[in-house]
Amino acid sequence: MDLGLAGSTALVTGGSRGIGLAVARALVGEGASVALLGRDTGALAAAADSLGPGTVTVSADTTDDAAVRSAVDEAAAALGGLSVVVNAAAPRATPGQVPGLGGLRDDDFLLQLDTKALGYLRVVRAAVPHLLAAGGGAVVNISGMNARATGSIAGSVRNIAVVALSKNLADELGPQGIAVTCVHPGLTVTERNTGDEEYAAAASANAIGRPVTADDVAALVAFLASPRGALANGAVVTADGGRPGVIWA
């Protein structure tokens, strides 16, 4: 299927590794030009090299609004505009990292929200003028199945916040030609945990009976980022292989 992404220009935050890098690879494979945004300049350079000529990098901490605005503008200038934004920059999710109310630290809770929910908002806010100048496009926000599970208070709240943010943006930006969707990966095999048999077994506890990989998630994100995915504006899409026994209406 031709997704219609050839010649498009995309910014991927958290693009130096994991799902972000896999998404960038999928977009490049569809003919898009990609800018990777992250904090680790060395990791960004290595990621860009792996994607081939034409991939650019910009550096920013998404908790810093001025840095985000500068990096987004720099990416748009380097690519000749922006038509796609994929937000994947967030502290790594660890199931059960907060052992209940007694283990919750205010500073960590606020950092999780600042980096993921508000960080995503900062990126979209900076990118919207460029998306509108391109005649519209797409935003895909990577959240996570912690939004639908207990075990990490900060993890659940930050991901629910991304859902609420995405729907608000979809309602506001959809009429302007910018589709906004939210994707919930579950346990996902990336370069960080490849070869970890215990993780693979846990990630296989789904209805399809195999681990979901970063490339699997990236293929879904590429579709949602494409013109063919625009009708999903406002949708929240799970990407965990199907958690058995749970119904989400």
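Quick rundown of the values:
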item	result
Relative contact order, percent, the stretch 163-249 [alpha-carbon distance under 8 Å, six or more residues apart]	40
Estimated Rh, the stretch 1-98: Kirkwood, alpha-carbon pairs, angstrom	13.5
Other-chain or far-sequence residues with amide H under 5 Å of ASP240's (modelled H)	GLY186
13 Å beta-carbon shell around MET1, net charge (K/R +1, D/E -1)	-1
Residue order, fewest to most beta carbons within 10 Å, for GLU198, GLU30, GLU172	GLU198, GLU172, GLU30
Neighbourhood charge, 15 Å Cβ-Cβ cut-off, centred on ILE160 and excluding it, Lys, Arg +1 and Asp, Glu -1	+4
Helix 18-29 vs. the chain, principal-axis angle (Cα, 0 to 90°, nearest 10)	40
Packing-based exposure ordering (other Cβ within 10 Å, fewest first) of LEU111, LEU11, LEU44	LEU111, LEU44, LEU11
Ellipticity estimate at 222 nm from DSSP helix runs (n ≥ 4, -39,500 (n - 2.57)) divided over the chain, nearest 500	-13000 deg cm²/dmol
The chain - Rg and Dmax from Cα coordinates, angstrom	17.0, 51
Neighbourhood net charge (11 Å Cβ-Cβ; Lys/Arg +1, Asp/Glu -1) for ALA126	0
Sorted by Cβ neighbour density within 10 Å, fewest at the top, the residues LYS167, LYS116	LYS167, LYS116
Residue-wise HN-Hα coupling along the stretch 64-81, computed from phi with Karplus coefficients 6.51, -1.76, 1.60 (Hz; x: Gly, Pro)	10, 4, 4, 5, 4, 4, 5, 5, 5, 4, 5, 5, 5, 5, 5, 8, x, x
Relative contact order (percent, whole number), the chain, Cα cutoff 8 Å, 6+ residue spacing	20
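Each reported figure results from applying straightforward, stated rules to the coordinates on display, with no laboratory input. Note that the structure is predicted; figures quoted are calculated from it, not measured. Cβ sites come from the backbone with ideal geometry, for glycine too, and all protein chains shown count toward neighbours.
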